[in-house]
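Below: the structure, in structure tokens.
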């Protein structure tokens, strides 16, 4: 099956579909049988501050959602997505092609633990990451491998991300991450131990009266000690109805 977009042909494989991103007319290829991006990726793209011309690496890019959204929302000079699962990386490349963004975004199939052989040290202004949240004992691992790898620290741990981020970021470069609040102490201490100073944090609450279920955090390589905690981000004003800020982040 093929689809015609921007005078290009991109093949869709079994169970794949094309979803609108509500930004710049961009779309993304997804397979609901494998893994679809969630709100966490969209919120991370809204939390990032990317300056004109900066180079960005998205670690564990999956199907390329964060680089594509950042290309739509920012004036980044170039964006790279790194993905260990070949099937997901292939979907990401086809989505990049579908949007005609090959000159702005490239997708690399590879392991963050081998980053030294893939990228030069201190070569990125910004790193983004929507990592696996769960360690071995946290929750049941999904029996379907792509989903399990995306959600559990099977092929990539928080330590892997922080170690390589410290090497890949330029001095003063920034790491943006979305994670779960129950690991916040581990995240902050890990960042500090690798010379990544937490500078900005925002907790995400499903409703104003519920405890947070996500945390957005920015760290600066070699930054001075001082962190701003921003006002909470509330997802729903009532069941099924997004707040105005969430609507704006999504581009509705």
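Coordinate-derived values only; no laboratory data. Remember, predicted model here, so these are calculated numbers, not experimental data. Cβ placement follows ideal geometry from the backbone for every residue including glycine, while neighbour counts extend to all protein chains displayed.
Brief remarks follow.
- At an R0 of 22 angstrom, the distance between the Cβ atoms of residue 252 and residue 230 translates into a FRET efficiency of 0.50.
- Extension gain for residue 185-residue 12 works out to 58.1 nm (0.36 nm per residue, less the C-alpha to C-alpha distance).
- For the chain, a Gaussian network of Cα nodes joined below 10 Å ranks 235, 220, 178 by mean-square fluctuation, and the top entry is 235.
- Listed peptides 161-170, 98-107, 38-47, 200-209 by packing density, highest first (mean Cβ within 10 Å): 161-170, 38-47, 98-107, 200-209
- By the Cα gyration tensor, the range 170-239 has an equivalent ellipsoid whose semi-axes, rounded to whole angstrom, run 26, 11, 9 from largest to smallest.
- D by Stokes-Einstein for the range 34-76, Kirkwood Rh over Cα pairs, 20 °C, 1.002 mPa s: 198 µm²/s.
- Counting DSSP beta bridges with both ends in the range 2-250, the antiparallel % (nearest 5): 50 percent
- Restricting the calculation to Cα atoms, every distinct pair contributes to the Kirkwood radius of the chain, found to be 18.5 Å.
- Normalising the average separation of contacting C-alpha pairs (under 8 angstrom, six or more residues apart) by the number of residues puts the relative contact order of the chain at 16 percent.
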